[in-house]
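Down below is the structure, laid out as structure tokens.
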Amino acid sequence: MAYQSLDEWLAWQTTLHAREIELGLDRIEKVAQRLDLLKCPFKVITVAGTNGKGSSVAMLSTILTAAGYTVGSYTSPHILQYNERIKVALKSATDEELCASFAKIDRARDAISLSFFEFATLAALDIFHQRKIDVAVLEVGLGGRLDATNIIDNDLAIVTSIGLDHTEWLGNDKESIAYEKAGILRAHKPAVCSDAAPPQSIQQVAEQRQTSLYQLGKDFNYHIKDASWDFTTSAGDLKALPMPNLLGHIQVQNAAGVLMGLQCLQASLPVPEQAIRDGLQRLHLAGRFQRLQRTCEVILDVAHNQDSAENLAHNLNAYPSAGKTFAVFAVLNDKDVNSIVELISPHIDAWYISVVHSTRAMKIDSVQQALLKHAGDRVIYQFPAVDEAYQSALQHASARDRVLVFGSIFTVSEVLALEQSGE
């Protein structure tokens with residue numbers, strides 16, 4: 001194929017492969033081999049986990065950039081533009097770069113069918129090779145063991161928190177899910193787990209593969225003070241570090257895992273302490289308890305499962321509203337909506353529910369049923385589109401109130417797109 005625009009390439013990719021998600025490495029590995037992408041002339045850090053992957057990738061990228069390295073990052077899904085998925089030196093790939101990579105991948109694949117995510121993964125690797133980066137930070141899309149990113153041998157694996165999500169693909173309990181995520185661990189290479197209570201399967205995989213595993217609470221730790229935090233390891237401490245420029249205690253936990261990982265690579269990828277301090281302060285990532293000021297305060301959070309809802313509830317307590325909190329909520333149909341709603345309902349005065357623009361969207365009646373079960377006597381408004389729900393919540397809110405937008409990355413994306421359009 002020879003499409004001229006990025007939109008044309010992306011539209012075609014959605015029709016190419018029969019299944020949106022198909023775990024397995026055979027197909028993508030063959031194409032990567034044809035493109036000579038499997039052996040990377042740069043360091044590779046792979047990040048897996050249920051929650052905290054995106055934040056950890058952002059921290060690694062900003063800190064390593066502050067240290068003077070050219071960093072390539074690969075994340076998914078995107079919030080506003082597809083280009084966000086692939087960045088070099090903190091800047092999104094251009095349409096021209098992406099189209100050139102897609103054309104190259106299409107020629108190399110011949111009759112091999114690739115999924116949308118596999119095309120993106122190969123494009124990221126191709127662009128990183130072209131741009132001659134120093135280090136790549138790869139976010140796992142789903143699981144780890146059979147995820148497309150796992151065709152690349154990493155120099156460091158980071159596993160963030162483990163929770164119950166994507167159970168239809170990864171298993172129904174945390175041990176099974178952790179086993180899949182531990183699939184990114186490599187023999188005789190360091191790995192870090194920043195989960196406060198990690199499932200045993202991570203340790204078991206590390207022992208089987210002779211991976212040097214560093215665990216939160218055992219090999220490293222963090223201690224939060226009023227406006228700073230300390231990072232502690234047996235090799236030495238970093239005192240009075242600035243809080244990450246992402247709100248919430250969980251972000252310090254994520255940062256501790258990142259710093260442990262960087263310490264593991266210190267011999268081959270040295271990072272001075274000042275780069276750590278600068279990187280934490282320069283950090284920006286949309287949709288992680290992101291606060292905007294409109295006619296009232298607006299909070300955007302991509303919380304979409306039980307663990308992330310617990311973190312969101314903690315933040316809502318830590319940063320209370322002077323008035324009421326109105327929730328704009330839409331979620332995907334494979335999520336545990338009852339757990340999410342039960343955790344957040346005590347903090348909400350009125351609900352503005354809708355459906356996201358996705359074939360995976362949960363029907364509004366199902367959301368309504370969960371709210372009727374857990375939201376008590378709170379008022380529930382229904383809207384056919386997220387932007388309408390958001391605009392209505394803003395109209396009802398006084399200057400003392402706040403509007404919380406959450407439920408999925410798609411919910412946040414639709415509101416940010418509306419904000420960007422200025423409507």
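Bear in mind these aren't lab numbers, they're just calculated from the coordinates by the rules spelled out. Not measured: the values here are computed from a predicted model. Here the Cβ is made from the backbone with ideal geometry for all residues, glycine too, and neighbour counts use every protein chain on show.
Around the amide H of PHE220, modelled in the peptide plane, lie the amide H atoms of GLN215, all under 5 Å away and 5 or more residues distant in sequence or on another chain.
Close amide H pairs (under 5 Å, H built 1.01 Å from N) link VAL328 with TYR352, LEU404, VAL405, PHE406, residues at least 5 positions away or on another chain. Taking the chain as a Gaussian network of alpha-carbon nodes connected by springs under 10 Å, the highest mean-square fluctuation of the residues ASP26, ASP278, ASP307 belongs to ASP26. Note on GLN33/ALA318: beta-carbon distance plugged into 1/(1 + (r/R0)^6) with R0 of 41 Å gives a FRET efficiency of 0.25. Can you give the FRET efficiency to the nearest 0.05 for GLN4 and THR295, using r as the Cβ-Cβ distance and R₀ = 35 Å? Efficiency, from the Cβ-Cβ distance: 0.25. Just check region 190-273 against the gyration tensor rule for me: Cα atoms, a ≥ b ≥ c as the square roots of the eigenvalues, rounded for a/c under 1.5, and otherwise prolate or oblate depending on whether a/b exceeds b/c. Oblate, because a/c is 1.5 or more while a/b does not exceed b/c. Calculated translational diffusion coefficient of region 290-421 (10 °C, 1.306 mPa s; Stokes-Einstein with Kirkwood radius over alpha-carbon pairs) equals 112 µm²/s. Under the shape rule built on the C-alpha gyration tensor, where the axes satisfy a ≥ b ≥ c, region 83-164 is oblate, since a/c reaches at least 1.5 while a/b does not exceed b/c. Its Cα gyration tensor gives region 6-282 an equivalent ellipsoid. The semi-axes, each the square root of 5 times an eigenvalue, are 30, 21, 17 Å from largest down. Remark on GLU297: its backbone amide H falls under 5 Å from those of VAL403, a criterion applied only to residues 5 or more positions apart or on other chains, H modelled at 1.01 Å from N. Inter-label distance, THR232 to SER398: 4.6 nm, where each label sits 7 Å from its Cα along the C-beta direction. For the set LYS132/LYS181; LYS87/LYS335; LYS174/LYS239; LYS53/LYS335; LYS43/LYS181, the pairs lying more than 23 angstrom apart at their alpha carbons are LYS132/LYS181; LYS87/LYS335; LYS174/LYS239. Per-residue 3J(HN,Hα) values for region 355-366, derived from phi via the Karplus relation 6.51 cos²θ - 1.76 cosθ + 1.60 with θ = phi - 60°, read 10, 7, 7, 7, 5, 9, 5, 6, 5, 5, 5, 5 Hz in sequence order (x marks Gly and Pro). Between HIS357 and ALA100, the simple label model (points 7 Å from Cα in the Cβ direction) yields a spacing of 3.0 nm. Full extension of the chain between LYS218 and SER421 gives 68.3 nm of extra length, using 0.36 nm per residue less the Cα-Cα distance. Take the Cα of GLU84, go 7 Å toward its beta carbon, and the backbone nitrogen atoms of region 383-423 under 19 Å from that spot belong to 386-388, 390-391, 404-423. Applying 0.36 nm per residue to the separation of GLN281 and HIS347 and subtracting their alpha-carbon distance, the gain on full extension is 20.9 nm. Indicate, rounded to the nearest 5 percent, the antiparallel portion of the DSSP beta bridges found entirely in region 290-421. Expressed as a percentage, antiparallel bridges in region 290-421 total about 25.
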